[in-house]
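The values are calculated or read from the model by the stated rules, or taken from the named source; none is laboratory data. Just so it is clear, the model here is predicted, and its values are computed rather than measured. In this analysis, Cβ positions are derived from the backbone assuming ideal geometry, glycine residues included, and neighbour counts consider all displayed protein chains. Only protein heavy atoms, including side chains, enter the accessible area calculation; ligands, DNA and RNA are left aside. Shrake-Rupley method; radii C 1.70, N 1.55, O 1.52, S 1.80 Å.
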Amino acid sequence: MSPSALVLLGALSACTGSESAPEGAAAPIESSWMADLVAAPASFAERVGGAREGWIALHRNDWRAAAAAGGDPEARSAREFAKFYAVLAAMDAEVWSRMGRAWSARGTLPPASLLPWLIGAALADAGRDEEAAAWPAGEAAVPSVAERKRLHDRVRAGAADLGSLEATQADALLVEPVEGGARELADPWVLRTHARVSRQRADAHAAVDQALFSSDLGAPLHLPAAPTDPGADADACRGTVRELDASLDAWRTSASANASPEGRQLLDDLRLVEGARARALVELAVTALESDRPTCALALSHLAIDHESPRAIGPVNSPTLFAALASAELRVGHTREALDAIEVLVAPWPETRGLDETLSTLVVLEGLDRRGDSRE
């Protein structure tokens, strides 16, 4: 957020004073929170109440700071956490599955390693029982790993706090010695534990009506119907974005021309249109992933990125954008591109380090299959 925008928000905080759209149709933006805010910028103080810092944090997609502020920002951030971790947990299970298949196809799975057991544990935890049945089951033979699994169970049941995992989530679950070095094995449960706890926290909050800094553009947006030819799905979804952009551009031109200087500054300095557009596209991308339409999800994710800061989290690029982008890249077979997207999240979200490690292993395995030897 620019310094001028912060000054404006500070000044405003001292002031007083439908039906679903058809598939592919742009939302009636004139009835959105953006339109209300630009038309009456002094209403910002009333909308944020005593949680101004929390709303500013939510605007810049800093969900931890928003949660710490309490109130509606905390409730909204809980929903963001739940969505983010659900995407990551589903992706994590897919990476473990593909890594297991790659090792099996090569016939070089390390025989003395705990890795086969972890692959089965990851798949079982994700409910992929048919795949899990091909791998070792039962309690882990390594006591520290068995204890970590029990800790996950306690956290999910509410008998232990998530902080007891967060203290160690940046560390490998286990480091095994191998010829010439060591192999780090990732925790196969951590992202699903975060997803479950986040969902529980989101469900515990009362319904939040506040749409400020959200994807709400006045009415729901929908994915276009899936084409008969799956290869045309990305183009169909790009068409939906073109319709949305035409509607947003028309509204922005009109709103800017009619707004007060303060309203125009809110619109421009806070990048209201860009942020709401990106959030709406990410919502659609997540829906596309859940509907097994990865090429559509990939097109939507690419179109949502803020190309001014393509690898930074901020008011336009949310953590869920990078999670959705990585998942879509993986699902269409772009494993290295998926790794690139996930690595944006590793520093701010240490719990993604295990996913980064397993994805890196998958990249190497796929490279071996293509080249016959590895330079990595």
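Quick notes on this structure:
- Of the helices (runs of 4 or more DSSP H) contained entirely in region 65-136, those carrying at least 3 residues that are surrounded by fewer than 20 Cβ atoms within 10 Å (Cβ to Cβ) and small (G, A, S) fall at 71-106.
- In region 172-216, the residue that is most open to solvent (accessible area, probe 1.4 Å) out of those that are within 21 Å of L362 (Cβ to Cβ), among the charged types (D, E, K, R) and within 22 Å of the chain's Cα centre (by Cα) is R192.
- The residue pairs whose first member lies in region 105-116 and is under 12 Å from W135 (Cα atoms), whose second member is open to solvent by 90 Å² or more (accessible area, probe 1.4 Å) and part of a loop (DSSP other than H, G, I, E, B), and whose beta carbons are closer than 8 Å, counting only pairs six or more residues apart or on different chains, are L114/A141.
- Residue among L221, L244 that alone is within 19 Å of the chain's Cα centre (by Cα) and hydrophobic (A, V, I, L, M, F, W, C): L221
- Pairs, first over 15 Å from S215 (Cβ atoms) and open to solvent by 10 Å² or more (accessible area, probe 1.4 Å) in region 264-276, second of a type in the set (A, V, I, L, M) and part of a helix (DSSP H, G or I), C-beta under 6 Å, six or more apart: Q265/L8; D269/A5
- If the condition is being assigned to a helix (DSSP H, G or I) and under 13 Å from the mean Cα position of the chain (by Cα), then region 299-313 contributes S301, A304.
- Out of S2, S20, S13, one residue alone is open to solvent by 30 Å² or more (accessible area, probe 1.4 Å), touching a Lys or Arg at 6+ places or on another chain (Cβ under 8 Å) and modelled with pLDDT under 80. It is S13.
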